[in-house]
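Laboratory data are not the source of any read-out in this text; all were calculated from the coordinates shown. Note that the structure is predicted; figures quoted are calculated from it, not measured. Methodologically, a virtual Cβ is constructed for each residue, glycine included, from the backbone with ideal geometry; neighbour enumeration extends over all protein chains shown.
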Amino acid sequence: MDNQYKDENLKGALWNENACKVIRKGTVMINGKKEYISILKFTLNGNDKYELVKSCGLLHVNDEESKLNPKSPDIGGAVTIDGVEYKFGGWKRVNQEKGTEYTSVGLRPVSDNDAPYEDHSANIEVDENIPF
């Protein structure tokens with residue numbers, strides 16, 4: 001397994017963020033469409049920062065009984081990013097050097113149904129209590 005995360009199109013890794021809090025969540029009309037947004041609060045270099053985040057879609061946790069096969073994502077769902085529909089997949093992984101867990105993620109355009117998900121593993125520290 002590579003020791004360095006590499007940027008690849010439609011692939012990535014998610015880690016635990018302990019210092020972030022959702023302080024507001026709701027809807028706003030944008031160009032006639034109801035969008036779900038949140039305001040996140042976090043501290044960077046001792047200063048409070050706020051970030052506006054727009055929801056891309058709902059995700060569903062796949063337990064072992066609901067997976068189609070062992071390589072199926074642990075979490076996934078349909079998402080829309082910049083007007084493009086994707087199928088999102090996330091796989092629970094462990095950094096072999098540090099023993100920390102993270103979620104390897106991939107996106108596949110909905111129109112590209114024949115392309116298999118490809119797991120992308122990275123060495124990022126995360127909270128081990130998250131189920132995906």
### Query
With respect to the numbered conditions (1) in contact with a Ser or Thr (Cβ under 9 Å, 6 or more places away or on another chain); (2) within 20 Å of Lys92 (Cα to Cα); (3) basic (Lys, Arg), which one is the sole condition not fulfilled by Lys25?
(2)
### Query
For segment 12-38, what are the residues that are of a type in the set (Phe, Trp, Tyr) and part of a strand (DSSP E or B)?
Tyr36
### Message
Quick check on this structure: which one of Asn9, Asn18 is polar (S, T, N, Q), surrounded by fewer than 10 Cβ atoms within 10 Å (Cβ to Cβ) and either in contact (Cβ under 8 Å) with a residue 24 or more places away in the chain or in contact with a helix residue (DSSP H, G or I) (Cβ under 7 Å, 6 or more places away or on another chain) (or both)?
### Response
Asn18
### Message
Need a quick list: strands (runs of 3 or more DSSP E) entirely within segment 39-108 having at least 3 residues that are aliphatic (A, V, I, L, M).
### Response
75-81
### Members of segment 93-111 found to be under 11 Å from the mean Cα position of the chain (by Cα) and either hydroxyl-bearing (Ser, Thr, Tyr) or farther than 14 Å from Gly12 by Cβ (or both), listed by number
Tyr102, Thr103, Ser104
